[in-house]
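K.L.:
Here's a structure for you.
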Amino acid sequence: MNGLNPNPRHTWAGPLHGAVSDRPAIAGPDAAAKRPHDGISLLGTTALLFEAPGETGLEVQRRIWSLAREAETWPEVREAVPGVNNLLVTWREPPRRLAPLADRLAAAWEAAPPLALEGRTVELPVVYGGEGGPHMADVVAHTGLSPEEIAEIHAAPLYPVYALGSHPGYCYLGGMDPRIATPRRKVPVLRIPGGAVSIGGSQTGVSASPGPSGWNTIGSTEMSFFDAARTPPALLQPGDSLRFRIAGVVR
């Protein structure tokens with residue numbers, strides 16, 4: 001939510017927040033290639049970002065989860081972190097040649113079956129509008145719907161958690177009804193509270209901690225999404241589902 005692209009295909013959910021380097025630092029005959037493989041980019045000297053082809057959806061995301069499981073078994077891999085429609089793979093040591101690694105990732109993607117994670121379903125009570133939903137009027141103006149209609153549409157789906165990122169505990173959700181899709185704000189808000197329920201483009205999410213945001217906050221909840229003393233510290237994980245429950249609509 002903190003300045004993220006509303007197009008999930010170009011949104012990274014995870015520890016990556018920098019731009020792709022124009023000049024890879026890996027030595028070797030293929031060092032000059034910025035994009036050694038379609039959908040695969042070099043990040044620094046020890047990471048690759050794999051972007052899945054096609055449109056974002058639960059089936060594609062399940063294959064990303066499967067690819068992460070596979071890549072984590074490779075001895076040279078330090079970490080494989082799923083994002084929305086992408087996967088960040090970090091290596092223990094800077095590889096001498098990039099192309100074989102990119103080819104291996106591409107081949108693993110072709111063989112990756114959808115992984116259906118059996119997660120929990122968490123119900124989240126939300127008060128829509130009022131002080132906790134300061135941008136509800138902007139969503140009303142864009143969609144032509146009433147606050148009550150927006151709340152009902154927003155709370156209707158069961159939202160699968162695709163990935164975690166942006167800030168600790170924040171969940172990238174799939175499944176929002178396109179009728180309430182609203183462009184990100186032209187001027188970001190410097191600070192929204194934890195528990196802010198917002199819409200950015202075709203996505204919705206809940207802020208896990210205070211911070212800046214370019215999304216439209218339509219409601220609020222008191223549920224805590226991250227606690228460093230909890231195991232695991234994040235309330236939700238990829239494969240879990242989130243259901244919003246209307247606790248009230250304030251005009």
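The values are calculated or read from the model by the stated rules, or taken from the named source; none is laboratory data. All of these numbers come straight from a predicted model, not from anything done at the bench. All Cβ positions, even for glycine, are placed from backbone atoms using ideal geometry, and neighbour counts span all protein chains on display. To get the accessible areas, we keep the full protein, side chains included, count just its heavy atoms, and leave off ligands, DNA and RNA. Shrake-Rupley method; radii C 1.70, N 1.55, O 1.52, S 1.80 Å.
K.L.:
With the condition kept exactly as written, say whether any residue in region 158-167 is more than 27 Å from F50 (Cβ to Cβ) and either modelled with pLDDT of 95 or more or in contact with a helix residue (DSSP H, G or I) (Cβ under 7 Å, 6 or more places away or on another chain) (or both).
P.N.:
Yes, there is a match, as at least one residue in region 158-167 is more than 27 Å from F50 (Cβ to Cβ) and either modelled with pLDDT of 95 or more or in contact with a helix residue (DSSP H, G or I) (Cβ under 7 Å, 6 or more places away or on another chain) (or both).
K.L.:
I'd like the residue in region 222-244 that is within 23 Å of G133 (Cα to Cα) and open to solvent by 70 Å² or more (accessible area, probe 1.4 Å) and, out of all such residues, is modelled with the highest pLDDT.
P.N.:
Here the answer is R243.
K.L.:
Would you say V187 is among the aliphatic types (A, V, I, L, M) and closer than 20 Å to A234 by Cβ?
P.N.:
For V187, the condition - among the aliphatic types (A, V, I, L, M) and closer than 20 Å to A234 by Cβ - is not met.
K.L.:
Please go through region 65-103 and give me each residue that is in a helix (DSSP H, G or I), more than 15 Å from L43 (Cβ to Cβ) and touching a Phe, Trp or Tyr at 6+ places or on another chain (Cβ under 8 Å), ordered by number.
P.N.:
Start the filter on region 65-103 by keeping residues that are in a helix (DSSP H, G or I), which leaves 65-71, 99-103.
Still in the running and more than 15 Å from L43 (Cβ to Cβ): 65-70, 99-100, 103.
Residue satisfying the conditions is L67 alone.
K.L.:
Additional query: Search region 42-67 for residues that are under 9 Å from P113 (Cα atoms) and pair each with any residue that is open to solvent by 20 Å² or more (accessible area, probe 1.4 Å) and modelled with pLDDT under 90 when their beta-carbon atoms are under 8 Å apart and the residues are at least 6 apart or on different chains.
P.N.:
R62/A116; R62/L117
K.L.:
Same structure, new question: Among the residues of region 119-157, how many are closer than 30 Å to V81 by Cβ and in contact with a helix residue (DSSP H, G or I) (Cβ under 8 Å, 6 or more places away or on another chain)?
P.N.:
Total meeting the criteria: 2.
K.L.:
Does P125 count as in a loop (DSSP other than H, G, I, E, B), under 24 Å from S224 (Cβ atoms) and touching a strand residue (DSSP E or B) at 6+ places or on another chain (Cβ under 8 Å)?
P.N.:
Values: in a loop (DSSP other than H, G, I, E, B): no; under 24 Å from S224 (Cβ atoms): yes; touching a strand residue (DSSP E or B) at 6+ places or on another chain (Cβ under 8 Å): yes.
For P125, the condition - in a loop (DSSP other than H, G, I, E, B), under 24 Å from S224 (Cβ atoms) and touching a strand residue (DSSP E or B) at 6+ places or on another chain (Cβ under 8 Å) - is not met.
K.L.:
Determine if region 78-93 includes at least one residue that is open to solvent by 20 Å² or more (accessible area, probe 1.4 Å), among the β-branched types (V, I, T) and under 30 Å from T217 (Cβ atoms).
P.N.:
Taking every residue of region 78-93 in turn, at least one turns out to be open to solvent by 20 Å² or more (accessible area, probe 1.4 Å), among the β-branched types (V, I, T) and under 30 Å from T217 (Cβ atoms).
K.L.:
Which of the residues belonging to region 115-137 are at pLDDT 95 or above and either of a type in the set (V, I, T) or over 30 Å from I150 (Cβ atoms) (or both)?
P.N.:
Hits for region 115-137 are T121, V122, V126, V127.
K.L.:
Among (1) open to solvent by 60 Å² or more (accessible area, probe 1.4 Å); (2) touching a residue at least 24 places away in the same chain (Cβ under 8 Å); (3) outside any loop (DSSP other than H, G, I, E, B), where does A151 come up short?
P.N.:
(1)
K.L.:
Next question, about the same structure. Just a yes or no: is a residue in region 44-54 at pLDDT below 75, crowded, with 20+ Cβ neighbours inside 10 Å, at negative phi and outside the structural domain of V197 (by TED's automatic domain parsing)?
P.N.:
no
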